[in-house]
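K.L.:
Before I ask anything, here is the structure I am working with.
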Amino acid sequence: MEFYDVVNARRTIRDFKDEPIDMEAIKRIIAAGMKAPTNDHMRDWHFVVVNDKAVVRKLINKIPKKVSDKRLEFIIKSWKLEDECQQKSYYDAIPKQYQMLLNAGCVIIPVFKQEWDLLQPKDLSALNRFASIWCCIENIFLAATAENYGYTLRIPLGNEQEYVKSVLNFPDEYIMPCYIGIGKIAEDAVYPEQKAYVLDDRIHMNGWK
Ligand SMILES: Cc1cc2nc3c(=O)[nH]c(=O)nc-3n(C[C@H](O)[C@H](O)[C@H](O)COP(=O)(O)O)c2cc1C
């Protein structure tokens with residue numbers, strides 16, 4: 001696929017066919033991730049790839065399996081999601097968090113080395129390792145798209161990070177920014193409408209006008 005075709009085709013997918021995935025493709029996708037820019041030249045990133053369903057089930061066990069309509073309404077309200085297009089996307093996404101990772105052909109846990117408290121940064125550059133791995137993650141998303149797979153992601157909430165660490169045994173100084181699921185896109189996958197914007201309103205030539 002041509003670069004801009006890939007960029008335009010990339011969407012977050014939460015409906016997968018429950019089918020295995022080609023591990024050679026996963027290697028190419030991770031290799032694309034490893035080409036991303038990195039703040040300290042080190043690319044100290046590792047990827048735990050889980051395609052054994054029993055391990056996936058254990059890994060995602062802390063994610064709520066069902067979300068009632070009442071709970072969904074409560075979340076949308078308490079997160080102050082007031083935009084209609086945004087709300088629709090969350091109504092679709094929140095109830096699918098467990099199932100999307102379960103049905104993906106594999107779950108990848110990217111991890112990066114972090115030696116100080118990420119949540120108490122003293123300045124912006126203290127977040128550089130976190131920023132760098134997100135460059136890597138975007139490359140993974142684009143590469144998965146170019147391979148004609150869908151991808152999804154979830155940010156670990158509450159104690160999910162510690163739990164995943166205990167299941168997968170990655171070292172204490174490494175942090176997972178997110179779960180990534182990659183898989184074959186279901187025929188009836190939902191594509192929530194993207195929020196519209198006018199590009200020219202977002203570009204400010206020679207100063208904010
Ligand atoms: C930093 C970040 C965090 C996100 N967290 C989640 C998440 O926890 N669960 C989820 O299903 N999607 C998550 N997403 C995906 C967004 O919901 C999605 O990118 C957004 O709705 C736009 O849709 P699109 O990616 O299909 O264009 C996240 C995306 C980003 C960049």
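K.L.:
Of the conditions (1) part of a strand (DSSP E or B); (2) over 21 Å from Trp134 (Cα atoms); (3) among the aliphatic types (A, V, I, L, M), Val55 clears all except one; give me its number.
P.N.:
Just one mismatch for Val55, condition (1).
K.L.:
Looking only at region 8-38, how many residues end up being in a helix (DSSP H, G or I), within 16 Å of the ligand (Cβ to nearest atom), surrounded by 18 or more Cβ atoms within 10 Å (Cβ to Cβ) and of a type in the set (A, V, I, L, M)?
P.N.:
Initially, region 8-38 is screened for residues in a helix (DSSP H, G or I), giving 8-9, 23-33.
With within 16 Å of the ligand (Cβ to nearest atom) added as a condition, the list becomes 8-9, 33.
Restricting the remaining residues to those that are surrounded by 18 or more Cβ atoms within 10 Å (Cβ to Cβ) gives 33.
Among the residues that remain, those that are also of a type in the set (A, V, I, L, M) are: none.
Residues that pass the stated criteria total 0.
K.L.:
Are there any pairs, at least 6 apart or on different chains, whose C-beta atoms fall under 8 Å, with the first in region 1-25 and touching a residue at least 12 places away in the same chain (Cβ under 8 Å) and aromatic (Phe, Trp, Tyr) and the second outside any loop (DSSP other than H, G, I, E, B) and away from the ligand (no atom under 11 Å from the Cβ), and if so, which?
P.N.:
Phe16/Asn103; Phe16/Gly183; Phe16/Ile185
K.L.:
Here is a follow-up. Given the criterion part of a helix (DSSP H, G or I) and either surrounded by fewer than 15 Cβ atoms within 10 Å (Cβ to Cβ) or at pLDDT 95 or above (or both), identify the matching residue among Leu127, Leu118. First the steps, then the outcome.
P.N.:
Working: Leu118 fails: part of a helix (DSSP H, G or I).
After applying the criteria, what remains is Leu127.
K.L.:
Against the conditions (1) among the polar types (S, T, N, Q); (2) within 16 Å of the ligand (Cβ to nearest atom); (3) farther than 21 Å from Tyr151 by Cβ, where does Asn103 fall short? Just the number, please.
P.N.:
(3)
K.L.:
Another question, then. Picking from Glu160, Glu187, which residue would you name as being under 25 Å from Ile29 (Cβ atoms) and away from the ligand (no atom under 14 Å from the Cβ)? Walk me through how you get there before you give the answer.
P.N.:
Values: Glu160 fails: away from the ligand (no atom under 14 Å from the Cβ).
From the options Glu160, Glu187, the qualifying one is Glu187.
The values are calculated or read from the model by the stated rules, or taken from the named source; none is laboratory data. On a predicted model such as this, the values are computed, not experimentally measured, just so you know. Positions of Cβ are backbone-derived with ideal geometry, glycine not excepted, and every protein chain shown enters the neighbour counts.
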